[in-house]
Amino acid sequence: MIRSFKDIPGVEWVPGTGRFITVDPDTCTGCANCVKVCLGECYELTDKKAVIKSLDRCMECGACWYVCESGAISFSWPKGGTGFRTEYG
Amino acid sequence: MIDTGENREASCDVLVIGAGFGGSAAAKICADAGLTTILVERSENVGEKIISGLTIPFHGFLFGPAFIRDGTPPIERPVDGIENYIIKDIETNDIDIDDSLKVPKPFSPVFAVGYNAYCKAFCEWEAEEALQSGVQLKTSTTVVDVIRKNGRICGVVTEHNEKIQSKIIINAEGSHGLLAIKAGVREKYPPDTISLADVYVYDMDKKDIDRIFGFSLKFCWGWDEQKVAPPLGHGNGLMVWPYDASLHLMQDQCLRKDEGPVYNVAKALKDYHHNITSKLPWWRDEVGPRVKLKARMWDGFEIFVGLNERLRNMPNFTDGMLLIGDAAGLENTELCDGVPTAWFSAEIAAEVAIEAISNNDTSAEFLSRYNDRIKAHPIIQWAITSTNRYNLRYAQEDHDEKKLKKYIHEGWGIGFCMHGSTPLSKIVLSFLKKDPLVIGKWIRMYLRYYYNWHHQHFEDASTAVDPGCKKDALRLSAGLRFMDRVLSAFGPFIRLLARLMEPLTEAANPLMKVVFPFVSPIYLRLIKRWDALMEPLSKRVVRAVAASDPSIFDVRTTWRRDT
């Protein structure tokens, strides 16, 4: 079912993305850079490791991937036709 | 049964990856040349994943692909200038304004310095043009890898394991460059060259926008400690674009400064938005009470890539593949609008692809001519190496108000002519050398775009005219016919003049640097009075354009008449 959030109007999320962003816990240093740059609040720090709470509000900006100095975050595009979409970009 | 495309195979002459601003343009040009062209796009509907606050500068339209210049793309509002708010102290409203970049009346607003647009509507229009040329568009298709044969890229694999073989690939995948990285052609950009843009879209009554903004963008610049806009020189700043009946507010900040720690951008962007909307007088008192939030979104894109020699020189081609636009690092580092450079590179890539296929040679050696032409393009090179935005950091470091105003004036004020005159004169003359009649196409483009925006009518040109202004409309029509005759008669002379003037273009910037300090204060003193005097004429021009029969702006009709 297509999702939307009241605090992010004008944007919809089509489900079925697959796990297009992943964090390797063995490589993660717990620097929290991903937490600091994610406007979708997708990340949290648990036991000094970055954990993806949910990709439901992810807008595929790639900021988390760019700031991950240890290379723990893998970023790929969601499956075709899924993920966020907007009329107003 | 759902067709997932699994294990299917397709083949074509040209495969274009990404139906953004550049991708569709490249695909259309290739298809027009008779090449079988497939355009793949990961989103379900073209343009729905492209985020920007967007003014496409005039040079993209004038010097980019002809089908855009001569077409009817959906624009949201012409732009006639920029009002720069230099915020020295937000609490005491100590704010200076630099509004020196403004098209004078009566040319404004018909002759614009750029056009605001919604990315989705514009990209859909481009893709529709590509489809009409015979391009096969495959949406909801994410490319995951390239296919190689004897070391040469010869196709891609989609997420459904569909293989698309092609003689050549034009990669228009955007800033992140996932495919180019996977193919070993380019590297991931460092965080100091990625800006996170936070965009708010507001509904606003058109009449209020006309009154408060007119046709001007509003840019806000403040000392870092004011926390009203992203740090100077580490991102775009804060900008408000007026659209037809909505506003775009965009603020964006680099993820880190040089090699320093990563910013808490999530918090910082919230703070800037709160401070600017609650403290800046014109927003708080005029705009705030009249807007309703319609959308909020964000995206990360490259900035200052062209200023870093190593990043600038990353390959933009390899065996069997050409990269264009953001995928090739061709963002506009000063204006932060990569659309013109995407269009220019799309056109060059399409030309090279056509030549490569015609010569049956898609080797890196043959395709290196693409890089040569990118390096020789005066606007692309100007766009990726301009330094005013980057240099704002030095104004902050020294807390030097004079320096701050200088960079703003030279970046987003009339002072841009001290570094823009050479590239602009070069490209103008290169067009005039080839086709002096292009002047008529440029003028008709401005008139058509304004007409279409005025009537909000981008497809069918038949619109009711205002009978009260019919006389002026007829005069305009006669004027255009006269212009065509003059251009035809003086074409060889214009071509010769362009050739003679070409060697002088290098001197344009140095000359402006000498002349500008004397001429600029006089111009700025006179222009306000001039604009007031010209206001009635400006309104008359607008009425005449709006009341015209739109077929007089049709370039193709003119061509038939000429030939």
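No value in this document is a laboratory result; all are computed from the given coordinates. This structure is a prediction, so every number in the text was calculated from the model and none was measured. Using ideal geometry, Cβ is built from the backbone for each residue, glycine included, and neighbour counts are taken over all protein chains shown.
Distance distribution P(r), the range B:413-562, all Cα-Cα pairs, bin width 10 angstrom from 0: 10, 27, 30, 28, 5, 0 percent.
Give me the dipole magnitude in Debye, nearest 20, for the protein assembly as shown about the Cα centre, with unit charges on the beta carbon: positive for Lys and Arg, negative for Asp and Glu. Dipole of the protein assembly as shown, to the nearest 20 debye: 1540 debye. For the segment B:295-304, counting C-beta atoms of other chains within 10 Å of every residue's C-beta and taking the mean gives 6.
Dividing the summed -39500 (n - 2.57) terms of all DSSP H runs of n ≥ 4 by the residue count of the protein assembly as shown sets its mean residue ellipticity at 222 nm at -12500 deg cm²/dmol. Could you list, in their original order, any pairs among B:K188/B:K405; A:K36/B:K120; B:K28/B:K528 whose Cα atoms are separated by more than 32 Å? Distance filter (> 32 Å) returns B:K188/B:K405; B:K28/B:K528.
Considering every alpha-carbon pair of chain B, the percent of pairs per 10 Å bin, from zero through the bin containing the longest distance, is 3, 17, 27, 27, 18, 7, 1, 0. Each of B:G64, B:N509, B:V143 was placed along the dipole of chain B (beta-carbon charges, centred on the mean Cα), and the one lying farthest toward the positive end is B:N509. Amide H contacts under 5 Å for B:R256: B:D192, B:I194, B:Y263, restricted to partners 5 or more places along the chain or on a different chain, H placed in the peptide plane at 1.01 Å from N. Using a Gaussian network for chain A with springs between C-alpha atoms less than 10 Å apart, which of these wobbles most: A:D24, A:D56, A:D47? The residue that fluctuates most here is A:D47. Judged by the mean number of other Cβ atoms found within 10 Å, the most tightly packed of the peptides B:292-303, A:9-20 leads the ranking B:292-303, A:9-20. Among the listed pairs B:K105/B:K513; A:K49/B:K292; B:K49/B:K167, a Cα-Cα separation exceeding 30 Å is found for A:K49/B:K292. When the convex hull of its Cα atoms is viewed from all sides, the range A:28-79 shows a mean projected area of 3.3 nm². Relative to one another, the C-alpha centroids of the range B:406-461 and the range B:323-357 are positioned 19 Å apart. Between B:A245 and B:R211, the simple label model (points 7 Å from Cα in the Cβ direction) yields a spacing of 1.7 nm. Its Cα centre serving as origin, chain B has a Cβ charge dipole (Lys and Arg +1, Asp and Glu -1) of approximately 1560 debye. Taking amide hydrogens as placed 1.01 Å from N in the peptide plane, the amide H of B:V16 sits under 5 Å from those of B:I38, B:L39, B:V40, B:I170, each at least 5 positions away in sequence or on another chain.
Candidate cross-link partners of B:K182 among the aspartates and glutamates, defined by an alpha-carbon separation under 20 Å and a same-chain spacing of 8 or more, comprise A:D24, A:E60, A:E69, B:E41, B:D145, B:E159, B:E162, B:E173, B:E302, B:D319, B:D326.
Evaluating kT/(6 pi eta Rh) at 20 °C and 1.002 mPa s, with the Kirkwood radius of the range B:387-465 over Cα pairs in the Stokes-Einstein relation, gives 133 µm² s⁻¹. From most to least packed by mean Cβ count within 10 Å, the peptides B:10-18, B:91-99 give B:10-18, B:91-99. Eigenvalues of the alpha-carbon gyration tensor of the range B:337-471, scaled by 5 and square-rooted, set the equivalent ellipsoid semi-axes at 33, 31, 14 angstrom, largest first.
Computed from phi, the 3J(HN,Hα) profile of the range B:311-325 under the Karplus parametrisation 6.51, -1.76, 1.60 (θ = phi - 60°) reads 5, 4, 9, 4, x, 10, 7, 8, 4, x, 8, 10, 10, 10, x Hz, with x in place of Gly and Pro. Near B:D326, once Lys and Arg are set to +1 and Asp and Glu to -1 for all other residues with Cβ below 10 Å from its Cβ, the sum equals -3. For chain A, the Cβ-based charge dipole about the Cα centre amounts to some 140 debye (Lys, Arg positive; Asp, Glu negative; other atoms uncharged).
Note that the range B:411-424 has calculated 3J(HN,Hα) couplings of x, 10, x, 5, x, 4, 5, 6, 10, x, 5, 5, x, 5 Hz, one per residue in order, obtained from phi through the Karplus relation 6.51 cos²θ - 1.76 cosθ + 1.60 (θ = phi - 60°); glycine and proline are x. Counting, for every residue in A:29-39, the Cβ atoms of other protein chains within 10 Å of its Cβ and taking the mean gives 5. Seen from B:K528, the other residues with C-beta closer than 13 Å to its C-beta sum to a net charge of +1, counting Lys and Arg as +1 and Asp and Glu as -1. Over the range A:28-79, Cα pairs under 8 Å with separation of 6+ residues give a relative contact order of 36 percent.
Charges on Cβ only, +1 for Lys and Arg, -1 for Asp and Glu, centred on the Cα centroid of chain B; of B:A19, B:S386, B:A546, which one is farthest towards the dipole's positive end? Of the listed residues, the answer is B:A546. The distance between label points at B:I522 and B:R495 comes to 3.8 nm (points 7 Å beyond Cα on the Cα→Cβ vector). Contact order, relative form, for chain B: 18 percent (alpha carbon pairs under 8 Å, 6 or more residues apart, mean separation divided by residue count). How much FRET efficiency would the formula 1/(1 + (r/R0)^6) give for B:D271 and B:L511, where r is the Cβ-Cβ distance and R0 is 45 Å, rounded to 0.05? About 0.55, to the nearest 0.05.
For the pair B:W282 and B:K539, a Förster radius of 25 Å applied to the C-beta separation gives a FRET efficiency near 0.50, rounded to the nearest 0.05. Computed across the protein assembly as shown, the Kirkwood radius stands at 25.7 Å (inverse of mean 1/r, all Cα pairs).
Taken residue by residue and averaged, Cβ atoms of other chains lying within 10 Å of the Cβ of B:130-143 number 2. In this calculation the C-beta distance from B:D435 to B:D361 is compared with R0 = 22 Å, giving a FRET efficiency of 0.15. Once both labels are positioned 7 Å from their Cα atoms along Cα-to-Cβ, the gap between B:H455 and A:S70 label points is 6.2 nm. Gap in Å between the Cα centre of the range B:230-252 and the Cα centre of the range B:75-111? Their Cα centres are 13 Å away from one another. Using the Cβ of B:F58 as centre and a radius below 13 Å, the other residues enclosed give a net charge of -1, where K and R count +1 and D and E count -1.
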